[in-house]
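In what follows, a single structure is set out as structure tokens and then discussed.
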Amino acid sequence: MAGSLRLPGFVNAHSHTFQRALRGSAAGSDFWGWRDTMLAAAESQTPALVREEYELTYREMLDAGYTAVGEFHYLGVAEAHAAAEAAAAVGIAFVLLHVAYARGGLLRFRQDSVSTFIAEVETLRAAGLTVGLAPHSVRACPADWLEEIGAYAAADSLPLHVHADEQPKEIEECLAEHGCRPIELLARTGCLTANTTVIHATHADGPELDLLASSGAAICVCPTTEADLGDGFLPAERVRTRGIPLCIGSDSNARIDPFEELRELEGIARRQTGRRGVFSTDELYEFGRERGARALGLEAWPETEVDLGHASLRGVEAQHVPAALLAGCGADVVVRE
Ligand SMILES: [Zn+2]
């Protein structure tokens, strides 16, 4: 086959773009050892570095077929503007998921109060950025912060993104502090609505998955990162049977390849169930595009284009191209601008 095929662009609903620099480092350490390496990289970020490096990584995302990105950002307000400028320079649709961080991590991540965080959000919105609210996690935000952030997001119908249930230790700490699990705490504090996206939910139990389903919240699954960090994998069949919406993210950006994220998601589901086609091709594309856009509050985002003459599509009949892209192609099938 010759020529090319235009498709709606993929939506990367969860990225920490500075972490692109970490691939291959901390290769032998556990999640918490990797996190120490990540914190050191975060500490060294400046607006100039973000402006330069994010442009290069956003270019890689576009070249891989992602035409929109949700930047889950905890590096400071000046760096948020730098990230937005980098995205504008390459033409990727950009949503800043501005992070609230009360405790832990690095001093530079933290606001001194939840009202300082809200003031930052208002400044960024007033400057014209498309902004969502991102209480980092139940580790980083106490219940009173979550309540205030949930109320602000609801009042203005803004996206709310939050990490939850990535690692068992986070669940143990939440149980000890609050007597409930992370997604239960999000529900209790008004942070679980149809505008919420929970990142990972790897270790969510049945009642937590029920809460996601009844609230209409989505899960952003980041399979290549979850594999790289040894998090575990999504309970895909239990998510599917409850009808919980899914979207995808490149997260740590060790890999930038939407085809691979979607293939991994379906691969996990097949390994868990012993069945093929747990998610249909159409469903996987919807997770990778429309549902990601919805999670970011985006109504429009650019298209992408794949090379029908690429070796990975050799011998594939035209009607099988969409499924073949997910089954057997990498991001190099995308036509570069
Ligand atoms: Zn993340």
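Think of each Lys and Arg Cβ as +1 and each Asp and Glu Cβ as -1; about the Cα centre, that makes the dipole of the chain roughly 500 debye.
Below 15 angstrom from the Cβ of LEU97, what's the summed charge of the other residues (Lys, Arg +1; Asp, Glu -1)?
Around LEU97, the surrounding residues sum to -3.
Think of each Lys and Arg Cβ as +1 and each Asp and Glu Cβ as -1; about the Cα centre, that makes the dipole of segment 74-178 roughly 280 debye. Between 0 and 90 degrees, the angle of helix 114-126 with respect to the longest Cα principal axis of the chain falls at about 50 degrees. Does a label point 7 Å from the Cα of GLU299, set along Cα-to-beta-carbon, have any residues of segment 132-156 with amide nitrogen under 20 Å, and which are they? Flagged as within label range: 132-133, 154-156. Taking label points 7 Å from Cα along the Cα-to-Cβ direction, LEU49 and ARG240 give a separation of 4.2 nm. Protein heavy-atom surface of segment 179-311, 1.4 angstrom probe: 46% of the accessible area is carbon and sulfur, with nucleic acids and ligands not counted. Simple spin-label estimate for ARG23 and GLU85 gives 2.6 nm between the two label positions (7 Å along the Cα-to-Cβ direction from each Cα). The C-alpha atoms of the chain define a longest principal axis, and helix 143-155 lies at about 60 degrees to it. What percent do you get for the relative contact order of the chain when only Cα pairs under 8 Å and 6+ apart count? Here the relative contact order equals 23 percent. Straightening the chain between ALA327 and GLU122 buys 69.5 nm, computed as 0.36 nm per residue apart minus the Cα-Cα spacing. With contacts taken as Cα pairs under 8 Å at a separation of at least 6 residues, segment 280-337 carries a relative contact order of 39 percent. Summary value for segment 199-269: 37 percent relative contact order, contacts being C-alpha pairs under 8 angstrom separated by 6+ residues. For segment 115-167, what log10 I(q)/I(0) values come out of the Debye formula at q = 0.27 1/Å, with one point per alpha carbon and no solvent? Ignoring solvent entirely, the Cα scatterers give -1.16.
Centre-to-centre, using Cα atoms only, segment 68-85 and segment 234-260 are separated by 23 Å. Summed over the residues of the chain and divided among them, the accessible surface reaches 39 Å² per residue at a probe radius of 1.4 Å. Each residue, ALA41 and HIS320, gets one label point 7 Å from its Cα in the Cβ direction; the gap between the two is 3.8 nm.
Of the DSSP beta bridges with both residues in the chain, give the percent that are antiparallel, rounding to the nearest 5.
Numbers: 6 of 34 bridges.
Rounded to the nearest five, the antiparallel share is 20 percent.
If the chain linking THR273 and LYS169 were pulled fully straight, counting 0.36 nm for each residue of separation and taking away their Cα-Cα distance, it would gain 34.8 nm. Candidates ALA217, ALA187, LEU158 compared by Cα position along the dipole of segment 119-231: farthest toward the positive end lies LEU158, with charges placed on Cβ. For segment 20-121, the share of accessible area belonging to carbon and sulfur comes to 55 percent (1.4 Å probe, ligands and nucleic acids excluded).
Report the residue, chosen from LEU296, LEU158, LEU175, that carries the largest GNM mean-square fluctuation when the chain is represented by alpha-carbon nodes joined by springs under 10 Å. Judging by the Gaussian network model, the answer is LEU175.
The values are calculated or read from the model by the stated rules, or taken from the named source; none is laboratory data. Predicted model, so just to flag it, every value in this text is computed and none were measured. Positions of Cβ are generated from backbone atoms using ideal geometry, with glycine treated the same way; all protein chains shown enter the neighbour counts. The area values use the complete protein model at the heavy-atom level, side chains included, leaving out ligands, DNA and RNA. Shrake-Rupley method; radii C 1.70, N 1.55, O 1.52, S 1.80 Å.
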